[in-house]
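**Student:** A single structure is presented below for examination.
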Amino acid sequence: MNGVALAFHQFRYEQKQFWRNPASVFFTVTLPVLFLLIFNLIFGNEDIEELGLTTSTYYVPAIVSLGVISACMQSLAISLTVDRESGILKRGRGTPLPNWVFFAGRVGNAVVVSALMVVLVSALGALIWGVEIPWDKAPAVLVTLFVGAAAFCCLGVALTALIPSEDAAAPITNFAVLPLYFLSGVFIPETEIPDGVLSVADAFPVRHFFLAFFEAYDPNAAGAGFEWGHLAVVAGWGALGFLLALRYFRWTPRAL
Amino acid sequence: MSDLAIKASGLRKSYGGLEAVRGIDLEVRMGEVFAFLGPNGAGKTTTTEILEGYRTASAGEVRVLGVDPSGPTREWRERIGIVLQQCRMIPELTVTETLELYAGYYSRPRDVASTVELVGLGDKAHTRASRLSGGQQRRLDVGVALIGDPDLLFLDEPTTGFDPNARRQFWDVIKSLGDLGKTVFLTTHYMEEAQVLADRVAVIAAGEIVAVGTPDELGDREQRPAVITFRLPAGVDPSSVPSGVGASADGSGSLRCSTADPVRVLNELTRWALDNGVELEALECRRPSLEDVYLELTRTPEEAVS
């Protein structure tokens with residue numbers, strides 16, 4: 001098999017592993033959907049006057065960003081750590097499989113699951129609360145998805161360097177993003193969050209990624225929905241993650 | 001093309017100031033099952049991982065299938081199969097799927113179904129790895145190492161933690177590899193395993209090779225004296241045993257003698273016993289086992305003094 005065919009082969013088996021693993025399906029697919037339903041149940045279909053839209057319209061891009069971050073950064077960091085500690089990565093290194101093909105398969109899985117979450121959350125928003133799907137801004141949604149997916153995958157791979165064992169994988173990845181979901185206006189509408197807190201969140205990629213999606217889903221925003229400034233910050237974090245991953249990623253177990 | 005699968009000379013590996021491998025020479029011939037024995041910390045895994053291309057040597061020359069393993073190429077990896085000391089199987093995939101996944105990495109893989117049979121998992125072909133027993137997972141691990149149809153197979157302590165039945169089933173698999181003409185480099189803690197499987201054995205202790213040979217001749221085992229032990233019934237005076245037997249009390253109530261000529265000694269002993277109507281309880285004659293030789297070879301200087 002040539003490299004591309006082999007990457008697709010790897011991707012197919014990554015898909016099998018992902019969908020058969022109850023934890024990865026729950027945390028990556030079910031939990032974001034639950035968040036979407038619960039936040040809408042609690043905050044109802046009220047208007048956010050300052051932004052001129054309903055809470056459900058606000059939560060669709062918020063949970064879309066959460067879904068992508070979960071599939072790329074968290075799920076990737078956890079699965080790579082588990083495979084590193086169980087020797088699966090080390091064994092893979094002992095086969096002719098090129099490293100880039102392995103990553104292409106696994107990252108490809110994360111990107112495909114992310115795209116699925118964009119579709120699923122947008123469709124649920126439209127069906128249940130009539131949140132408009134921004135067809136006219138689809139190119140902006142796609143670009144935001146791919147820039148964000150790439151950046152958060154790089155950050156996820158880099159994050160594995162900080163995770164010493166399998167047991168530490170879920171707590172550390174959640175510690176990395178959960179506070180940022182609150183601070184960045186993903187869980188709580190940003191109109192409820194003090195400006196000082198938002199400016200802290202501005203230093204990190206989660207808020208910029210969310211704002212890039214928000215622009216595309218905001219019915220009041222004119223234009224094509226591209227937020228190049230926010231995407232640049234996300235890409236910058238991704239580049240940093242890429243360099244750290246190159247330098248610090250390891251294939252062999254640490255907890256031995 | 002050399003008829004050596006592995007050739008190492010003057011191989012050294014240091015970690016910081018500590019020298020884990022201190023200049024060893026190894027030769028493994030094509031088609032043989034070679035067992036590499038040694039206690040934990042003797043440099044066994046370090047050496048194996050250098051040969052497998054996972055680590056680089058600090059000094060010395062190493063050739064594995066004619067290639068320096070410190071810069072593993074894809075072509076070389078095609079010819080090597082590795083079973084790591086510790087490695088879980090991918091829990092979500094079935095036996096067949098696991099082998100199909102790895103088969104895709106090789107240009108000329110073995111047939112998946114026949115490999116499933118070869119490692120004795122025919123009735124588990126569609127069972128997920130998470131539902132296999134420890135021994136079955138290990139056999140799947142060997143199947144994965146074999147799927148690329150390698151010339152050389154590394155097995156690093158493959159049966160640690162097995163129950164005796166699982167170990168015997170595993171041995172059958174390894175024996176059938178020998179029949180396929182594969183070269184096998186096996187590390188193990190179990191002397192019986194080396195005895196049953198290996199054509200030749202090397203023992204490493206404190207970073208140096210202390211003996212190489214067939215399991216029978218290792219450490220001049222064939223030339224060593226046999227040990228005869230027995231007990232006398234109550235009331236029989238030990239001094240009535242013929243002096244030619246040379247028996248002495250071993251402190252646990254038995255008598256023992258060590259002899260290079262066990263046939264003559266046994267004959268003398270049993271004739272005396274029959275003539276005098278003495279029953280020799282727990283009569284035993286044994287050669288030093290591979291394990292006896294191994295324990296002696298790998299004894300640390302402190303243990304030797306005590």
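The values are calculated or read from the model by the stated rules, or taken from the named source; none is laboratory data. Quick caveat, the model's predicted, so the values are computed rather than measured. So basically every Cβ, Gly included, is an ideal-geometry build from the backbone, and we count neighbours across all protein chains shown.
**Student:** Tell me whether segment A:26-40 contains one or more residues that are surrounded by 14 or more Cβ atoms within 10 Å (Cβ to Cβ) and either within 10 Å of chain B (Cβ to nearest Cβ) or small (Gly, Ala, Ser) (or both).
**Tutor:** No, because not a single residue in segment A:26-40 is surrounded by 14 or more Cβ atoms within 10 Å (Cβ to Cβ) and either within 10 Å of chain B (Cβ to nearest Cβ) or small (Gly, Ala, Ser) (or both).
**Student:** Ok, one more. Return yes or no: is A:Val113 part of a helix (DSSP H, G or I) and more than 14 Å from chain B (Cβ to nearest Cβ)? Quick ask: steps written out before the conclusion?
**Tutor:** Values: part of a helix (DSSP H, G or I): yes; more than 14 Å from chain B (Cβ to nearest Cβ): yes.
Judged against the criteria, A:Val113 is a match.
**Student:** Residue pairs, Cβ under 6 Å, 6 or more apart or interchain, first in segment B:270-299 and free of Cβ contacts under 8 Å to residues at least 24 places away in the same chain, second of a type outside the set (Ser, Thr, Tyr). List them.
**Tutor:** Within 6 Å, the pairs are B:Ala273/B:Leu280.
Quick grid of which residues meet (1) away from every other protein chain (no Cβ under 14 Å); (2) at pLDDT 95 or above; (3) over 15 Å from the mean Cα position of the chain (by Cα):
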residue: A:Pro219; (1), (2), (3): yes, no, yes
residue: A:Ala224; (1), (2), (3): yes, no, yes
residue: A:Val234; (1), (2), (3): yes, yes, no
residue: A:Gly238; (1), (2), (3): yes, yes, no
residue: A:Gly241; (1), (2), (3): yes, yes, no
residue: A:Tyr248; (1), (2), (3): yes, yes, yes
residue: A:Leu256; (1), (2), (3): no, no, yes
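**Student:** Select from segment B:261-294 the residues that are charged (D, E, K, R) and farther than 25 Å from B:Gln195 by Cβ and write down the one among them that is modelled with the lowest pLDDT. Please lay out each step first, then the result.
**Tutor:** At the first step, the residues of segment B:261-294 found to be charged (D, E, K, R) are B:261, B:264, B:268, B:271, B:275, B:279, B:281, B:284, B:286-287, B:291-292.
Next, from what is left, pick out any that are farther than 25 Å from B:Gln195 by Cβ: B:264, B:268, B:271, B:275, B:279, B:281.
Working: B:Arg264: 91, B:Glu268: 91, B:Arg271: 92, B:Asp275: 91, B:Glu279: 89, B:Glu281: 85.
Residue satisfying both the conditions and the ranking: B:Glu281.
**Student:** Also: Quick check, is B:Gly71 surrounded by fewer than 22 Cβ atoms within 10 Å (Cβ to Cβ), over 30 Å from A:Arg20 (Cβ atoms) and either within 14 Å of chain A (Cβ to nearest Cβ) or modelled with pLDDT of 95 or more (or both)? Walk me through how you get there before you give the answer.
**Tutor:** Numbers: surrounded by fewer than 22 Cβ atoms within 10 Å (Cβ to Cβ): yes; over 30 Å from A:Arg20 (Cβ atoms): yes; either within 14 Å of chain A (Cβ to nearest Cβ) or modelled with pLDDT of 95 or more (or both): yes.
Yes; evaluated as a whole, the condition is true for this residue.
**Student:** If you don't mind, another one. Among the numbered conditions (1) surrounded by fewer than 20 Cβ atoms within 10 Å (Cβ to Cβ); (2) not in a helix (DSSP H, G or I), tell me where A:Trp100 comes up short.
**Tutor:** (2)
**Student:** Do we have any residue at all in segment B:227-234 that's under 28 Å from B:Ile50 (Cα atoms), surrounded by 21 or more Cβ atoms within 10 Å (Cβ to Cβ) and either touching a residue at least 60 places away in the same chain (Cβ under 8 Å) or not polar (S, T, N, Q) (or both)? Walk me through how you get there before you give the answer.
**Tutor:** First, the residues of segment B:227-234 that are under 28 Å from B:Ile50 (Cα atoms): none.
Within segment B:227-234, none of the residues are under 28 Å from B:Ile50 (Cα atoms), surrounded by 21 or more Cβ atoms within 10 Å (Cβ to Cβ) and either touching a residue at least 60 places away in the same chain (Cβ under 8 Å) or not polar (S, T, N, Q) (or both).
**Student:** Here's something else I'd like to know. Would segment A:201-208 turn up any residue that is more than 21 Å from A:Pro139 (Cα to Cα), of a type in the set (Lys, Arg) and part of a helix (DSSP H, G or I)?
**Tutor:** No, segment A:201-208 has no match at all.
**Student:** Within segment B:40-53, is there a residue that is in the same structural domain as B:Glu157 (by TED's automatic domain parsing), assigned to a strand (DSSP E or B), under 24 Å from B:Asp292 (Cα atoms) and at pLDDT below 95? I'd like the intermediate steps shown before the answer.
**Tutor:** So the first thing to find is which residues in segment B:40-53 are in the same structural domain as B:Glu157 (by TED's automatic domain parsing), and the list is B:40-53.
Now narrow it down to the ones that are assigned to a strand (DSSP E or B): none.
There is no residue in segment B:40-53 that is in the same structural domain as B:Glu157 (by TED's automatic domain parsing), assigned to a strand (DSSP E or B), under 24 Å from B:Asp292 (Cα atoms) and at pLDDT below 95.
**Student:** Give me the pairs, please: first residue somewhere in segment A:9-32 and in contact (Cβ under 8 Å) with a residue 12 or more places away in the chain, second residue anywhere and surrounded by fewer than 16 Cβ atoms within 10 Å (Cβ to Cβ) and among the aliphatic types (A, V, I, L, M), beta-carbon distance under 7 Å, and either six or more positions apart or on two chains.
**Tutor:** Pairs found: A:His9/A:Met1.
**Student:** Looking only at segment A:189-200, count every residue that is assigned to a helix (DSSP H, G or I) and either β-branched (Val, Ile, Thr) or surrounded by fewer than 16 Cβ atoms within 10 Å (Cβ to Cβ) (or both) and tell me the total.
**Tutor:** The initial filter retains those residues of segment A:189-200 that are assigned to a helix (DSSP H, G or I), namely A:190-192, A:195-200.
Next cut, either β-branched (Val, Ile, Thr) or surrounded by fewer than 16 Cβ atoms within 10 Å (Cβ to Cβ) (or both) only: A:191-192, A:195-200.
Result for segment A:189-200: 8.
**Student:** Checking the conditions here, which among B:Glu92, B:Glu78 is under 22 Å from A:Leu6 (Cβ atoms), free of Cβ contacts under 8 Å to residues at least 40 places away in the same chain and within 12 Å of chain A (Cβ to nearest Cβ)? Give the steps one after another, and end with the answer.
**Tutor:** On the way: B:Glu78 fails: free of Cβ contacts under 8 Å to residues at least 40 places away in the same chain.
Result: B:Glu92 is the single residue among B:Glu92, B:Glu78 that is under 22 Å from A:Leu6 (Cβ atoms), free of Cβ contacts under 8 Å to residues at least 40 places away in the same chain and within 12 Å of chain A (Cβ to nearest Cβ).
**Student:** Now for a separate question. Looking only at strands (runs of 3 or more DSSP E) that lie completely in segment B:164-214, which have at least 1 residues being within 12 Å of the chain's Cα centre (by Cα)?
**Tutor:** Details: elements: B:183-188, B:200-205, B:208-213.
So the answer is B:183-188, B:200-205.
**Student:** Another question, if that's okay. Go through segment B:96-125 residue by residue and tally those that are free of Cβ contacts under 8 Å to residues at least 12 places away in the same chain, away from every other protein chain (no Cβ under 14 Å) and not polar (S, T, N, Q). Don't jump to the end; show me each part of the working.
**Tutor:** Here is the first cut: in segment B:96-125, the residues free of Cβ contacts under 8 Å to residues at least 12 places away in the same chain are B:97, B:101, B:104, B:111, B:114, B:117, B:122-123.
In the following step, the residues that additionally are away from every other protein chain (no Cβ under 14 Å) were identified as B:111, B:114, B:117, B:122-123.
Then drop every residue that is not not polar (S, T, N, Q), which leaves B:111, B:117, B:122-123.
So the answer is 4.
**Student:** Answer with yes or no whether A:Arg106 is without any contact (Cβ under 8 Å) to a residue 40 or more places away in the chain, part of a helix (DSSP H, G or I), within 14 Å of chain B (Cβ to nearest Cβ) and basic (Lys, Arg).
**Tutor:** Numbers: without any contact (Cβ under 8 Å) to a residue 40 or more places away in the chain: no; part of a helix (DSSP H, G or I): yes; within 14 Å of chain B (Cβ to nearest Cβ): yes; basic (Lys, Arg): yes.
No: the conditions fail for A:Arg106.
**Student:** Could you look through segment B:54-65, keep only residues that are in contact with a Ser or Thr (Cβ under 6 Å, 6 or more places away or on another chain) and in a loop (DSSP other than H, G, I, E, B), and pick out the one that is farthest from the other protein chains (Cβ to nearest Cβ)?
**Tutor:** B:Ser58
**Student:** Then there is this: Looking at A:Ala232, A:Ala224, A:Ala212, A:Ala239 in this structure, which one is surrounded by fewer than 20 Cβ atoms within 10 Å (Cβ to Cβ), touching a residue at least 60 places away in the same chain (Cβ under 8 Å) and not in a loop (DSSP other than H, G, I, E, B)?
**Tutor:** On the way: A:Ala232 fails: touching a residue at least 60 places away in the same chain (Cβ under 8 Å); A:Ala224 fails: not in a loop (DSSP other than H, G, I, E, B); A:Ala212 fails: surrounded by fewer than 20 Cβ atoms within 10 Å (Cβ to Cβ).
Selected residue: A:Ala239, the only one of A:Ala232, A:Ala224, A:Ala212, A:Ala239 that is surrounded by fewer than 20 Cβ atoms within 10 Å (Cβ to Cβ), touching a residue at least 60 places away in the same chain (Cβ under 8 Å) and not in a loop (DSSP other than H, G, I, E, B).
**Student:** How many residues, within segment B:261-295, are assigned to a loop (DSSP other than H, G, I, E, B) and among the small types (Gly, Ala, Ser)?
**Tutor:** Kept after step one, since they are assigned to a loop (DSSP other than H, G, I, E, B), are these residues of segment B:261-295: B:261, B:277-280, B:287-289.
Checking the rest, the ones that are also among the small types (Gly, Ala, Ser) come to B:277, B:289.
Total satisfying the criteria: 2.
**Student:** Could you list, in sequence order, all residues of segment A:117-154 that are crowded, with 18+ Cβ neighbours inside 10 Å and either farther than 30 Å from A:Ile42 by Cβ or among the acidic types (Asp, Glu) (or both)?
**Tutor:** Across segment A:117-154, the qualifying residues are A:Val143, A:Val147, A:Ala150, A:Ala151, A:Cys153, A:Cys154.
**Student:** Moving on to the next point. Can you name the residue in segment B:222-260 that is assigned to a loop (DSSP other than H, G, I, E, B) and within 30 Å of the chain's Cα centre (by Cα) and is also farthest from B:Gln195 (Cα to Cα) among such residues?
**Tutor:** Ranking the qualifying residues of segment B:222-260, first place goes to B:Ala260.
**Student:** Only one residue in A:Thr30, A:Thr81, A:Thr57 is in contact with a Ser or Thr (Cβ under 9 Å, 6 or more places away or on another chain) and among the β-branched types (Val, Ile, Thr), so which one is that? Break it down stepwise before answering.
**Tutor:** On the way: A:Thr30 fails: in contact with a Ser or Thr (Cβ under 9 Å, 6 or more places away or on another chain); A:Thr57 fails: in contact with a Ser or Thr (Cβ under 9 Å, 6 or more places away or on another chain).
Unique residue meeting the criteria: A:Thr81.
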